[in-house]
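Comments concern the structure below.
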Amino acid sequence: MALFETPFALPPAPAPEPGSNKKRKRPSEAAAAGGADAKVAGAAINLEKLMQKMEAMEGEGKGKKGKGKEERGPAEKKARREDEGKGKAQGPGPKQDKKDQRNMEQGKKEKKGKQVEKPGPSESTSSPAKRASGPAPTDGQLSKRAAKKARQAAAKAARAEAGVEEKEAVPVLAEAAEEKGKEGKKKEEGKKKEVQAGPAVTALQEKMKKSLSGARFRWINEQLYTTSSQEAFEMMQKDPSVFEEYHQGFSHQTQSWPTNPLHLISRSLSSLPARQLVADLGSGPASLARLLPQHKVLSFDLVDPTGAGLVVPCDTASHVPLPSGVADAVVCCLSLMGKNWVGVVREGRRVLLDGGKLHIAEVSSRFTDVKAFVALIISLGFRLTFKDDSNTHFILFDFVKEPRAGEGESAEDAAELVVRGEALLKPCIYKRR
């Protein structure tokens, strides 16, 4: 009979496997107790080692990351988690308070660095070494602007330690800035000159410009020689710039001559007393008056190119605004132009005193008959006293006014003289090049 009765049936004991003679050994109670003690002792040793390592790491500092870091086993990790849990439950310790305080101070510095203004007088006058003293802040702790100032201060401090003084560097920088400013001014002045002078003219453009100017001069010259003095006077009065264009081309032509006939005439007149009056008919820009500043020279031409009243505008072949018999000398230097050029000689005789001189210079190629020309001038009441045809470009004449009875001429005689004069002096037409 069983010792205890149970309300349920117990399973039978397992039968041993066939062919197996091994029996299952159960550890004894002493052995089981000894194994548990060994495990507890090993865990205590591991915990002690873990605490020693943690104390060593805290002593070295938290900034050295990666140094002294060893792999921890599962038991060490578990112990550390338990310690951290205990710390959280108890609240932050003194070390955590210091860390939070440092983070707050760092945030304040960053906020203050963004609001940094220009340094005051005291900061600017302090030495670089003084400003750079103390631990240099990193770029992460300050704003970009504060970090840049810190780097500049450190560079100045390094230069000061190396023996480079700011007083020596300032004049060099000032001199370099001054030279740079001068170069900038020169460039600006050069640009202004370019703007005022206009775009640069190439050789081809200059050649075309000269060609156009030459063509313009030839056209004006042809108009003056092939029309009457009245038509030329009206043309110049409508557009005075035509007169200026003509004389620019004329002066360019006379530059190639061996001698300017006006200079020879001025030498002859220089011997006259300063009180005597000289009338220059066809004066251009009062050239003879400029050559004889000590003499009384009155200039007459189609317009006044000087704009200063030095030339009296008039039609010299029709009427010269002077009383009769007041001039001691009359000059017609390359001015017997137009179909009615004879009228210029007649007006010259009118304003001359008896015995006064008429000086004529004309281009050699214009004469069809020099003797016939001289005969025509004599018929107008003059006497030939001098003639010079030695020059290859022009001929010089000196006539003296002779008194004669009956100064007046009929209209038929005047018209006949104009026709004769037109045949004796050809128009001075320049060839096209």
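Only the coordinates and a few stated rules stand behind these numbers; no lab work does. Quantities reported herein were computed from a predicted structural model and do not represent experimental measurements. Here Cβ is always computed from backbone atoms with ideal geometry, including for glycine, and neighbour counts include all displayed protein chains.
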Legend entry - Counted charge near Phe397, where neighbours are those whose Cβ lies closer than 9 Å (Asp, Glu -1; Lys, Arg +1): -2
Legend entry - Over 23 Å [Cα-Cα, the range 306-433], rounded percent: 32 percent
Inset, instruction - Would you mind giving the three semi-axes, in whole Å and largest first, of the ellipsoid equivalent to the range 244-316 according to its Cα gyration tensor? - result: 20, 18, 9
Inset, instruction - Would you please give the FRET efficiency between Ser318 and His252, computed as 1/(1 + (r/R0)^6) with r the Cβ-Cβ distance and R0 = 25 Å, to the nearest 0.05? - result: 0.25
Inset, instruction - Can you tell me the relative contact order of the range 301-433? Whole percent, Cα pairs under 8 Å, sequence separation 6 or more. - result: 24 percent
Inset, instruction - Report the local net charge at Thr306: Lys and Arg +1, Asp and Glu -1, summed over other residues whose C-beta lies under 12 Å from its C-beta. - result: -2
Inset, instruction - In nm, give the distance between the simple-model label positions of Gln52 and Glu189, each being 7 Å from the Cα along the Cα-to-Cβ direction. - result: 8.7 nm
Inset, instruction - Please work out how much length the chain gains when fully extended from Thr306 to Ser365, using 0.36 nm per residue of separation minus the C-alpha to C-alpha distance, in nm with one decimal. - result: 18.2 nm
Inset, instruction - Would you please give the residues with an amide H less than 5 Å from that of Val311, counting only those at least 5 places away or on a separate chain, with H modeled from the backbone geometry? - result: Thr306
Legend entry - Residues Ala215 and Glu412, FRET efficiency given R0 of 51 Å [Cβ-Cβ distance, rounded to 0.05]: 0.80
Inset, instruction - Using label points projected 7 Å from each Cα along Cα→Cβ, tell me how many nm separate Glu244 and Ser270, to one decimal. - result: 3.1 nm
Legend entry - Difference of contour (0.36 nm per residue) and Cα-Cα distance, Arg102 to Ala44: 17.2 nm
Inset, instruction - Calculate, in nm to one decimal, what Thr385 and Gln230 gain on full extension: separation in residues at 0.36 nm each, minus their alpha carbon distance. - result: 52.7 nm
